[in-house]
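Undergrad: This is the structure, below, for whatever I ask next.
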Amino acid sequence: MSTSTISESGKSNRTKSVRLSKIIGRIILYLLLITGAVVMLIPFFWMLSTSLKESYQVFSVPPKWIPNPIRWDNYVKTFQSLPFGKWLGNTVLITGTTIIGTLFSCTVVAYGFARFQAKGKNVLFLVMLATMMLPSAVTMIPVFYLFKTLGWVNTFLPLIVPSFFGNAFFIFLLRQFYMSIPTELEDAAKIDGLGTLGILWRIIVPLTMPALTTVAIFQFNGAWNDFMGPLIYLSKPDLYTLSLGINFFKSENNVQWNYLMAASVVTMLPSLILYFVGQKYFIEGISLSGGIKG
């Protein structure tokens, strides 16, 4: 056997060994991911299963993952026994308004930081970023006193109005995205006669939809699941949001866990649907890529 034949045989064996190690590595990775996904989904499956059980089956030992009989009417009874519709309407109103306010304010401010040249701009940007280091507990009392002085307690205004003044993390996220867009596009738009707002609306916003979708998803989850804000500012049951109302229902002595889990499933569904619909843009927005595709 010639030397070249032995060399080729050795290369072939090494190639097969590398391929085999890659396949084994992928199998191990997928097994770990599947195991982690199953562990993370167990609480959701238990919640869904509990929402379809009779009350006496909730804490049965051993637990029954598939209820028998399946009580779909638990969801109907949940709406009938709780002012669920009112809480849902309040939550939708607050969430939708804060998304609009956040997108508008953060887009304008981030574009200003990314493109405008002004004395002290970098200092202001650093000060804005520094606000992210302040724990919410530090500002909770003075902010509450401010809103109480304005007469906004027991209204939705303390939960809505701050969103129209921007969010430091979202402004930072959008600014980084805007800075990845070539300025030549804006120069060409200026030659065509577009002003600053026209460039922002017609050029920048369409190119940054992944980042804006990411901001919208984050803001939706934050407002939809917010508990501390409504707890501080809302004390009238008619003004409760879903998170506050469900917690109030849970605090009752004779809480029915099957109804509570049904309410929790309904509350969680919009977040799941929104993420699955916008996951493509969400991933692009987080990676800060995709500003220009060519």
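The values are calculated or read from the model by the stated rules, or taken from the named source; none is laboratory data. Note that this is a predicted model, so its numbers are computed, not measured. Don't worry about glycine lacking a Cβ; one is built from the backbone with ideal geometry, like all the others, and counts go over all protein chains shown.
Undergrad: Checking the conditions here, which among D238, D226 is modelled with pLDDT of 85 or more, surrounded by fewer than 21 Cβ atoms within 10 Å (Cβ to Cβ) and in a helix (DSSP H, G or I)? Walk me through how you get there before you give the answer.
TA: On the way: D226 fails: in a helix (DSSP H, G or I).
Going through D238, D226 in turn, just one is modelled with pLDDT of 85 or more, surrounded by fewer than 21 Cβ atoms within 10 Å (Cβ to Cβ) and in a helix (DSSP H, G or I): D238.
Undergrad: Could you check, for segment 119-131, whether at least one of its residues is touching a Pro at 6+ places or on another chain (Cβ under 8 Å) and either surrounded by 11 or more Cβ atoms within 10 Å (Cβ to Cβ) or not assigned by TED's automatic domain parsing to the domain that holds D226 (or both)?
TA: Within segment 119-131, the first condition is being touching a Pro at 6+ places or on another chain (Cβ under 8 Å), and the residues that meet it are none.
Scanning segment 119-131, I find no residue that is touching a Pro at 6+ places or on another chain (Cβ under 8 Å) and either surrounded by 11 or more Cβ atoms within 10 Å (Cβ to Cβ) or not assigned by TED's automatic domain parsing to the domain that holds D226 (or both), so the answer is no.
Undergrad: Now a separate question. Out of everything in segment 26-69 that is small (G, A, S) and either modelled with pLDDT under 85 or touching a Ser or Thr at 6+ places or on another chain (Cβ under 9 Å) (or both), what residue ends up being nearest to S264 (Cα to Cα)? Outline the logic, then answer.
TA: First, pick out the residues of segment 26-69 that are small (G, A, S): 36-37, 49, 51, 55, 60.
Those left that are additionally either modelled with pLDDT under 85 or touching a Ser or Thr at 6+ places or on another chain (Cβ under 9 Å) (or both): 51, 55, 60.
On the way: S51: 9, S55: 16, S60: 20 Å.
Only one residue fits best here, namely S51.
Undergrad: Moving on. Among all residue pairs at least 6 apart or on different chains, which show Cβ distances below 9 Å where the first residue, located in segment 235-250, is small (G, A, S) and the second is assigned to a loop (DSSP other than H, G, I, E, B)?
TA: Correct list of pairs: S235/V153; S235/N154; S243/N225; S243/D226; S243/F227; G245/L82; G245/P83.
Undergrad: Within segment 92-116, which residues are among the hydroxyl-bearing types (S, T, Y) and surrounded by fewer than 19 Cβ atoms within 10 Å (Cβ to Cβ)?
TA: The first filter runs over segment 92-116 and keeps only residues among the hydroxyl-bearing types (S, T, Y), leaving 95, 97-98, 102, 105, 107, 111.
T97, S105 - these are the residues of segment 92-116 that are among the hydroxyl-bearing types (S, T, Y) and surrounded by fewer than 19 Cβ atoms within 10 Å (Cβ to Cβ).
Undergrad: Here are the criteria: (1) more than 30 Å from F59 (Cα to Cα); (2) part of a helix (DSSP H, G or I). Tell me which single one M268 does not satisfy.
TA: M268 satisfies every listed condition except (1).
Undergrad: Name every residue in segment 183-223 that is of a type in the set (S, T, Y) and either in a helix (DSSP H, G or I) or exposed (fewer than 15 other Cβ atoms within 10 Å of the Cβ) (or both), in order of residue number. Step through it out loud before you land on a result.
TA: Looking only at segment 183-223, we keep the residues that are of a type in the set (S, T, Y), and these are 183, 196, 208, 213-214.
Once the filter is applied, which keeps residues that are of a type in the set (S, T, Y) and either in a helix (DSSP H, G or I) or exposed (fewer than 15 other Cβ atoms within 10 Å of the Cβ) (or both), segment 183-223 yields T183, T196, T213, T214.
Undergrad: Let me ask something else about it. Does G112 count as assigned by TED's automatic domain parsing to the domain that holds P182 and more than 23 Å from G222 (Cβ to Cβ)? Before the answer, list the steps.
TA: Details: assigned by TED's automatic domain parsing to the domain that holds P182: yes; more than 23 Å from G222 (Cβ to Cβ): yes.
Yes, satisfied.
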